[in-house]
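To keep things clear, I will list the structure first and then write my remarks on it.
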Amino acid sequence: VMALAGTITVSKLRCEDPQSQRRVVLRMYAGLAAALVLDFFVTTGDLASLPLALRAVLGATLVSLPLFAGGMIFATSLARSGEADRAIAANLMGAMAGGLLEYVAMITGFRMLVVVAGLLYGVTLLQFLFSRPSAGVSVQP
């Protein structure tokens with residue numbers, strides 16, 4: 001649901017200027033980084049001491065924010081690629097690799113999974129910074 005919400009949010013944004021588009025995407029990555037930092041530093045013990053309703057709302061928010069930001073980043077990347085079939089195939093491969101990496105959390109803990117996710121999104125940020133949109137593609141993040 002949050003990935004879909006991210007995609008819908010991106011569809012509402014309109015940036016004609018390439019520099020504006022770049023700034024918007026960098027803000028998406030900054031939001032993702034902030035969400036991952038929050039997930040890393042706010043422990044389940046911190047949430048456990050809160051009243052039930054607040055614990056549920058904050059817990060759901062902490063889990064959902066990276067999904068929302070990731071959905072926005074994926075939608076923007078899909079628009080930049082110009083080849084939807086390849087982008088979606090890469091996304092599916094990434095989802096499978098992410099599922100496998102989740103098992104690492106059983107050994108290292110959830111906090112280290114957040115670090116791994118941050119590193120992987122860092123790689124995608126580098127790819128964004130050093131690539132150009134496909135020829136003839138109008139990006140509407």
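The values are calculated or read from the model by the stated rules, or taken from the named source; none is laboratory data. All of these numbers come straight from a predicted model, not from anything done at the bench. Methodologically, a virtual Cβ is constructed for each residue, glycine included, from the backbone with ideal geometry; neighbour enumeration extends over all protein chains shown. Only protein heavy atoms, including side chains, enter the accessible area calculation; ligands, DNA and RNA are left aside. Shrake-Rupley method; radii C 1.70, N 1.55, O 1.52, S 1.80 Å.
Select one label from [x] 50, 37, 30; [y] 45, 30, 29; [z] 53, 29, 23: the one whose number is Cα extents along the principal axes in Å as derived from the coordinates shown.
[z]
Is there a quick way to get the dipole size of the chain? I mean about its Cα centre, with the Cβ of Lys and Arg at +1 and of Asp and Glu at -1; what is the value in debye to the nearest 20?
Values: 10 positive and 7 negative charges, 57 e Å.
That gives a dipole near 280 debye.
Quick one: Karplus J couplings for the stretch 92-106, per residue in order, coefficients 6.51, -1.76, 1.60, θ = phi - 60°, nearest Hz, x for Gly and Pro?
5, 5, x, 5, 5, 5, x, x, 5, 5, 4, 5, 4, 5, 5
Kindly provide the helix-only [θ] at 222 nm of the chain, computed as the sum of -39,500 (n - 2.57) over DSSP H runs of four or more divided by all residues, to the nearest 500 deg cm²/dmol? Present the calculation step by step, with values, prior to reporting the outcome.
Details: 7 runs with 114 residues, N = 141.
Rounded to the nearest 500, it is -27000 deg cm²/dmol.
Counting only heavy atoms of the protein chains, get the accessible area per residue of the chain (1.4 Å probe) and round it to a whole Å² value. All intermediate terms of the calculation are to be shown ahead of the outcome.
Values: 9130 Å² over 141 residues.
Per-residue value: 65 Å².
Could you order peptides 69-78, 32-41 by the average number of other Cβ atoms within 10 Å of their residues, highest first?
Per-residue Cβ counts within 10 Å, averaged per peptide and sorted highest first, yield 69-78, 32-41.
Please determine, in degrees from 0 to 90 and to the nearest 10, the orientation of helix 2-12 with respect to the longest principal axis defined by the Cα atoms of the chain, where the helix direction is its Cα long axis.
For helix 2-12, the angle is close to 30 degrees.
May I ask for the angle, rounded to the nearest 10°, between helix 52-81 and the longest principal axis of the chain, with both axes built from Cα atoms and the value confined to 0 to 90°?
20
Could you please state how large a percent of the accessible area of the chain is carbon and sulfur, counting protein chains only and using a 1.4 Å probe?
The value for the chain is 71 percent carbon and sulfur by accessible area.
Between residue 4 and residue 46, 0.36 nm times their residue separation minus their Cα-Cα distance comes to what?
Working it through step by step, the gained length comes to 12.2 nm.
Under the Karplus relation 6.51 cos²θ - 1.76 cosθ + 1.60, θ = phi - 60°, what is the ordered set of whole-Hz ³J(HN,Hα) values for the stretch 41-48, x standing for Gly and Pro?
8, 8, 8, 5, x, 5, 6, 4
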